[in-house]
Amino acid sequence: MGEFNAILPYVGWIIAGAFTLGAAGIAVSFQTTRMKIKNGYPLEGMWGQSLKPGSDKQTAERVVLLTQENAQLRAELGAIKDRLANVERIVTDGGYHLGAEIDALRDRALTSLKDKGEA
């Protein structure tokens, strides 16, 4: 009985704290639902089932646009992969000798211009 009497002055604070936490939880849940509705996210029930499936015309148009953009991005990614494969082939297939070959061609061109008196 002595322990209960020691806690008795704080019971009001404990009840107020529990009430505040409960009210804050409800307010956060309300705000989350409000933001989902505002930004077009589908609402979910307690077990994850959809309460408001988004099947209006605007959503269908958005899906079509996103599908088209996805196809374009995939095509671009394929092109980038091809270009990367070409760069890898140049580097691994003696591409380091390419600079020396370019310099040799430049030297030949300068030599031929000097021979003609144009350089």
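The values are calculated or read from the model by the stated rules, or taken from the named source; none is laboratory data. Since this is a predicted model, take the numbers as computed values, not measurements. In this analysis, Cβ positions are derived from the backbone assuming ideal geometry, glycine residues included, and neighbour counts consider all displayed protein chains.
Numbers for the structure displayed
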item: Candidates GLY25, GLY45, GLY40 - the one that is without any contact (Cβ under 8 Å) to a residue 60 or more places away in the chain, surrounded by fewer than 10 Cβ atoms within 10 Å (Cβ to Cβ) and not assigned by TED's automatic domain parsing to the domain that holds VAL63; result: GLY45
item: Hits in segment 81-113 - residues which are surrounded by fewer than 10 Cβ atoms within 10 Å (Cβ to Cβ) and of a type in the set (Val, Ile, Thr); result: THR92
